[in-house]
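Shown next, in structure tokens, is the structure this report addresses.
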Amino acid sequence: MWLWVWLSLTVILVDPSHWWFRDKRWCHLVSDANLEELHLFAEELGVPRKGFQGDHYDIPDEYRTRAIAMGATAVPSRELLQRLKAAGLRFTPSQRRAWGSTLRPDLKSENHARTN
């Protein structure tokens, strides 16, 4: 599978599933290299694009196990955030607000992080 070769060039990170929404535990999936690699990994994992939050994907706990099996590195939430910031990929609060206001209407209504 091409993904295994690709993974040796980037690091995909996943934190523990601490956040509850709609009776599921959720976690974050990020890249410490670039968003294109994150999107490719998420697609291979089967995560819908609507889970993308501008600088990370929100994924349910059952995807976390598969992500780790595919090569994602499990890290504490604090480390995930530090590495996302160090890569220059972390959105500022104003960027997050702008991201949320520019989503397509069909994604806004389905986006689990914005409907709570």
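The values are calculated or read from the model by the stated rules, or taken from the named source; none is laboratory data. Note that this is a predicted model, so its numbers are computed, not measured. Don't worry about glycine lacking a Cβ; one is built from the backbone with ideal geometry, like all the others, and counts go over all protein chains shown.
Structure notes:
- Number of residues in region 12-42 that are at pLDDT 75 or above and out of contact with any helix residue (DSSP H, G or I) (no Cβ under 8 Å at 6 or more places or on another chain) equals 6.
- Filtered residues of region 64-87 (kept if in contact (Cβ under 8 Å) with a residue 24 or more places away in the chain and in contact with a helix residue (DSSP H, G or I) (Cβ under 9 Å, 6 or more places away or on another chain)): ALA67, MET70, GLY71, ALA72, ALA74, VAL75
- The criterion of at least 2 residues that are buried (at least 18 other Cβ atoms within 10 Å of the Cβ) and of a type outside the set (Asp, Glu) is met, among strands (runs of 3 or more DSSP E) falling completely within region 16-75, by 24-31, 57-60.
- Scope region 76-90; condition part of a loop (DSSP other than H, G, I, E, B), loosely packed, with under 14 Cβ neighbours inside 10 Å and of a type in the set (Gly, Ala, Ser); matching residues: GLY88
- When VAL47 is tested against the conditions (1) at pLDDT below 85; (2) touching a Phe, Trp or Tyr at 6+ places or on another chain (Cβ under 7 Å); (3) of a type in the set (A, V, I, L, M, F, W, C), the lone failure is (1).
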